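Heads up: the structure comes next, in structure tokens.
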């Protein structure tokens with residue numbers, strides 16, 4: 001059995017006396033690709049924050065890459081985790097290559113007195129090529145489409161060779177074509193980085209990559225279902241989590257969701 005990457009056991013999280021998470025337990029192992037699913041406000045981002053060694057539980061335990069939160073130097077741990085946030089707060093006109101290289105320093109901007117070596121530049125170019133951005137290598141951040149930004153951020157996350165990749169609603173703001181290109185990129189990680197574990201947050205089933213292996217479905221901070229994706233992402237479980245009758249389908253490895261239409265009452 002492959003080693004755990006993030007592991008949450010009996011996690012409770014409270015904010016200002018209010019329970020945000022209650023009794024959350026699951027383990028992500030190397031090579032697995034998890035989805036965190038649930039309605040807005042269910043607690044998905046809080047769980048992702050714990051997987052990223054950013055948020056600490058009120059009680060219970062969180063281990064990330066074999067280190068227990070509260071007993072480890074956090075900055076060193078976070079450098080071993082790749083994080084893709086479509087709301088990346090870059091404001092300057094850095095090029096694609098420069099943005100990717102900031103994944104090595106863990107900063108938004110390139111540090112003033114830091115310069116990449118030849119191997120680091122080669123690694124950045126290799127990832128840029130791999131993610132289909134070769135012709136945009138020197139394009140500046142403000143000129144990129146949302147889809148190009150998404151792929152740039154995946155390259156940025158991968159350049160530090162992390163064991164865990166966190167994707168926080170990576171399809172936010174993308175049109176259909178850009179979303180599909182991004183999901184193809186995520187699917188391809190199974191081939192290019194077979195030992196990499198990933199956790200993706202979304203509340204849209206259409207945004208799940210075909211390579212999703214496991215899922216955690218939550219509602220009101222509690223687990224509705226957890227386990228293999230085929231057993232969790234079902235009409236019954238999704239309807240329970242979203243508190244609305246939903247019909248879940250799957251075609252060519254991808255999921256879809258539609259509300260169940262109630263019969264119309266004939267006009268009198």
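The values are calculated or read from the model by the stated rules, or taken from the named source; none is laboratory data. Fair warning: this is a prediction, and the values are worked out from it, not measured in the lab. No Cβ is skipped: glycine too gets one built from the backbone with ideal geometry, and neighbour counts run over all protein chains shown.
For residue 148, the criteria (1) touching a helix residue (DSSP H, G or I) at 6+ places or on another chain (Cβ under 9 Å); (2) more than 28 Å from residue 208 (Cβ to Cβ) hold in every case but one, which is (2).
Screening residue 244 on (1) in contact (Cβ under 8 Å) with a residue 40 or more places away in the chain; (2) loosely packed, with under 13 Cβ neighbours inside 10 Å; (3) on the phi < 0 side of the Ramachandran plot shows it passes everything except condition (1). Name every residue in segment 15-28 that is in a strand (DSSP E or B), surrounded by fewer than 19 Cβ atoms within 10 Å (Cβ to Cβ) and at pLDDT below 95, in order of residue number. Residues satisfying the conditions are 15, 18, 19. What residue, of 33, 88, is closer than 23 Å to residue 170 by Cβ and in contact with a strand residue (DSSP E or B) (Cβ under 6 Å, 6 or more places away or on another chain)? Of the residues listed, the single one that is closer than 23 Å to residue 170 by Cβ and in contact with a strand residue (DSSP E or B) (Cβ under 6 Å, 6 or more places away or on another chain) is 33.
Consider segment 49-107. How many of its residues are assigned to a helix (DSSP H, G or I) and either in contact (Cβ under 8 Å) with a residue 12 or more places away in the chain or surrounded by fewer than 13 Cβ atoms within 10 Å (Cβ to Cβ) (or both)?
To start, the set of residues in segment 49-107 that are assigned to a helix (DSSP H, G or I) comprises 49-51, 74-78, 96-105.
Checking which are either in contact (Cβ under 8 Å) with a residue 12 or more places away in the chain or surrounded by fewer than 13 Cβ atoms within 10 Å (Cβ to Cβ) (or both) leaves us with 50-51, 74-78, 96-104.
So the answer is 16.
In segment 137-180, the qualifying residues are those that are farther than 26 Å from residue 28 by Cα and touching a strand residue (DSSP E or B) at 6+ places or on another chain (Cβ under 9 Å), and the one that is surrounded by the fewest Cβ atoms within 10 Å (Cβ to Cβ) is 138.
For segment 110-120, the criterion of being farther than 13 Å from residue 156 by Cβ, free of Cβ contacts under 8 Å to residues at least 24 places away in the same chain, part of a helix (DSSP H, G or I) and not assigned by TED's automatic domain parsing to the domain that holds residue 154 is satisfied by no residue at all. Of these, 42, 35, which one is assigned by TED's automatic domain parsing to the domain that holds residue 72 and modelled with pLDDT under 95? When all the criteria are applied, what remains is 42.
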